[in-house]
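Report on one structure; see the data block that follows.
The values are calculated or read from the model by the stated rules, or taken from the named source; none is laboratory data. Just so it is clear, the structure is predicted and the values come from calculations on it, not from any experiment. Here the Cβ positions follow ideal geometry from the backbone for every residue, glycine too, while neighbour counts run over all protein chains shown.
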Amino acid sequence: MYTDRLMAKTFGGWFGPEWDREGRLPAITLSFMPVSHIMGRVILYSTLGAGGTAYFAAKADLSTLLEDLALVRPTKLDLVPACGKCCSKRYRAKPTSAPSTAPIGRPSNFR
């Protein structure tokens, strides 16, 4: 059970990676889980609590999740096991191609 104390901690700031102890990375996330799911709320609240930017997936059925990730380029990504398995399956099914020559700061299909 999530108590009010635990829920209040989600507003406490960015759950940054261990290798960014100084907090230099901006808090950028892609919210694709429903906000009715505890992980969906924690990701959204912790990003906004840290003054970061939360983007939302283009489609609720996650059919564009990999494309959304490429556009957003989040600094933190939390996945539930089912989403991780789905992403892995879709990634492995895509044909490999030559490396992109687009600049790192912007995806090649970004307009």
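Given Tyr91, Tyr45, Tyr55, which one is touching a helix residue (DSSP H, G or I) at 6+ places or on another chain (Cβ under 7 Å), among the aromatic types (Phe, Trp, Tyr), surrounded by fewer than 14 Cβ atoms within 10 Å (Cβ to Cβ) and not in a loop (DSSP other than H, G, I, E, B)?
Tyr91
Would you point out the residue of segment 26-41, among those that are hydrophobic (A, V, I, L, M, F, W, C) and assigned to a loop (DSSP other than H, G, I, E, B), that is surrounded by the fewest Cβ atoms within 10 Å (Cβ to Cβ)?
Val35
For segment 99-110, indicate whether the set of residues that are surrounded by fewer than 16 Cβ atoms within 10 Å (Cβ to Cβ), at pLDDT 80 or above and not hydrophobic (A, V, I, L, M, F, W, C) is non-empty.
no
Under the condition of being among the hydrophobic types (A, V, I, L, M, F, W, C) and either more than 22 Å from Arg24 (Cβ to Cβ) or without any contact (Cβ under 8 Å) to a residue 24 or more places away in the chain (or both), which residue from segment 58-76 is surrounded by the most Cβ atoms within 10 Å (Cβ to Cβ)?
Within segment 58-76, the match that is surrounded by the most Cβ atoms within 10 Å (Cβ to Cβ) is Leu65.
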